[in-house]
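Reviewing the structure listed below.
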Amino acid sequence: MQPLMITAAICGAEVTRAQTPHVPYTPAELVEESLRCYQAGATMVHVHVRQPDGTPSQSAELFGQVLQGIRGRCDLLVQFSTGGAVGMGVDERADAVRLRPDMATLSTGSVNFGDEIFANPIPLIRQIACRLKEFNVRPEIECFDSGMVDTALRLAKDGLLELPAHFDFVLGMPGGMGGTAHHLDFMRSLLPTDCTWCVAGIGRFELPLADHAIRQGGHVRVGLEDNVFISKGVLAKGSCELVQAVATMAKAAGRPLATTTQARELLRIN
Ligand code: KMH
Ligand code: ZN
């Protein structure tokens, strides 16, 4: 099996300090939490940025501060969100790609997102895919449901994505696809040979799906963006505690953690 890549989704756009006091907001807090995740075994950090009061933002200035802060201190791979928050337009969502992070997300379909809609119509997906190509930033293709894999494969046929690609299955989102091992097995069965995949389980699905992915040769995303609890009713002290839990699972399963060099190779980041 490939060495395990753990991505830390440390902040997201939705989780608030009312839900957990441990969510970072400012660039300095985001950098510190990223370093803690790196020390706990993360290979990559999935970054959203916030205004100082926690309001979701896609400011290139803030993304730049986080990118610089991390790159100056460790070799964690940095992945920007182009999803942003529900309701943001494509220009705002994709602006910071010009800073050339190691990766950026590309959601390949719309999904009910709790009571809201995370809207990704085809023209918007194509625009973001073009922008990633333009700046030579590798996409992580985010699929909340199975049709989003099919859409990604159509984009590849149209020359907007390169195969093999890296996919992230976001499972267990209320309104999206369920979060059982069965759902994950179906999703990964849809991928062409040599594609890599990771799973981001939402809420209570996070750690059980991580364990399943580790045993099936996939990779794992965890963090407060997706789940704030380390066990039933107990808040994680930060995304780093969730990363540590996954590193412990990997050890128990005999799966070594990927170095940054190995991750670059697996993800085809040059
Ligand atoms: N905040 C969600 C609406 C991504 O980062 O690319 C979208 C999201 C996906 O988090
Ligand atoms: Zn995100």
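The values are calculated or read from the model by the stated rules, or taken from the named source; none is laboratory data. Owing to the predicted nature of the structure, the values given are computational and were not obtained by experimental measurement. Ideal geometry is used to build each Cβ from the backbone, glycine not excepted, and the neighbour counts take in all protein chains shown.
List every residue pair whose Cβ atoms lie under 6 Å apart, where the two residues are 6 or more positions apart in sequence or sit on different chains, the first residue falls within segment 116-135 and is over 11 Å from Leu160 (Cβ atoms), and the second residue, located anywhere, is assigned to a helix (DSSP H, G or I).
Listed pairs, sorted by first residue: Leu124/Val90; Phe135/Val97; Phe135/Arg98.
Tell me, which residue of segment 106-137 that is surrounded by fewer than 21 Cβ atoms within 10 Å (Cβ to Cβ) and part of a strand (DSSP E or B) is nearest to ligand 2 (Cβ to nearest atom)?
Looking at residues that are surrounded by fewer than 21 Cβ atoms within 10 Å (Cβ to Cβ) and part of a strand (DSSP E or B), I get Phe113.
Among the residues of segment 176-214, which ones are under 20 Å from Asn112 (Cβ atoms), of a type in the set (D, E, K, R) and over 16 Å from the mean Cα position of the chain (by Cα)?
Arg204, the sole residue that qualifies.
Report every pair of residues separated by at least 6 positions or lying on different chains whose Cβ atoms are under 7 Å apart, first residue within segment 94-111 and within 14 Å of Gly84 (Cα to Cα) and without any contact (Cβ under 8 Å) to a residue 24 or more places away in the chain, second within 12 Å of ligand 1 (Cβ to nearest atom) and assigned to a strand (DSSP E or B).
Every condition considered, the pairs that remain are Ser110/Ile117; Ser110/Phe118.
Among what's in segment 200-239 and is part of a strand (DSSP E or B) and of a type in the set (A, V, I, L, M, F, W, C), pick the residue that is surrounded by the fewest Cβ atoms within 10 Å (Cβ to Cβ).
Filtering segment 200-239 down to residues part of a strand (DSSP E or B) leaves 200-201, 219-222, 229-231, 234-235.
Within this subset, residues satisfying the condition of being of a type in the set (A, V, I, L, M, F, W, C) are 200, 220, 222, 229-230, 234-235.
Details: Ala200: 28, Val220: 30, Val222: 31, Phe229: 16, Ile230: 17, Val234: 10, Leu235: 15.
Out of the qualifying residues, it is Val234.
Which residues, taken from segment 25-49, are under 10 Å from Ser239 (Cβ atoms) and buried (at least 22 other Cβ atoms within 10 Å of the Cβ)?
Of everything in segment 25-49, those that are under 10 Å from Ser239 (Cβ atoms) and buried (at least 22 other Cβ atoms within 10 Å of the Cβ) turn out to be Glu33, Ser34, Cys37, Ala42, Val45, His46.
When both residues are 6+ apart or on different chains and their Cβ atoms are under 6 Å apart, which pairs have a first residue that lies in segment 78-93 and is part of a helix (DSSP H, G or I) and small (Gly, Ala, Ser), and a second that is within 6 Å of ligand 1 (Cβ to nearest atom) and modelled with pLDDT of 95 or more?
none
Looking at Gly64 and the list (1) more than 15 Å from ligand 2 (Cβ to nearest atom); (2) closer than 25 Å to Met177 by Cβ; (3) touching a residue at least 12 places away in the same chain (Cβ under 8 Å); (4) surrounded by fewer than 18 Cβ atoms within 10 Å (Cβ to Cβ), which single condition is not satisfied?
(2)
Name the residue that is farthest from Ala96 (Cα to Cα), counting only residues in segment 5-59 that are part of a helix (DSSP H, G or I) and within 15 Å of ligand 2 (Cβ to nearest atom).
First, the residues of segment 5-59 that are part of a helix (DSSP H, G or I): 27-40.
Cutting the leftovers down to within 15 Å of ligand 2 (Cβ to nearest atom) gives us 30, 33-34, 37.
On the way: Leu30: 16, Glu33: 21, Ser34: 19, Cys37: 23 Å.
Here the residue is Cys37.
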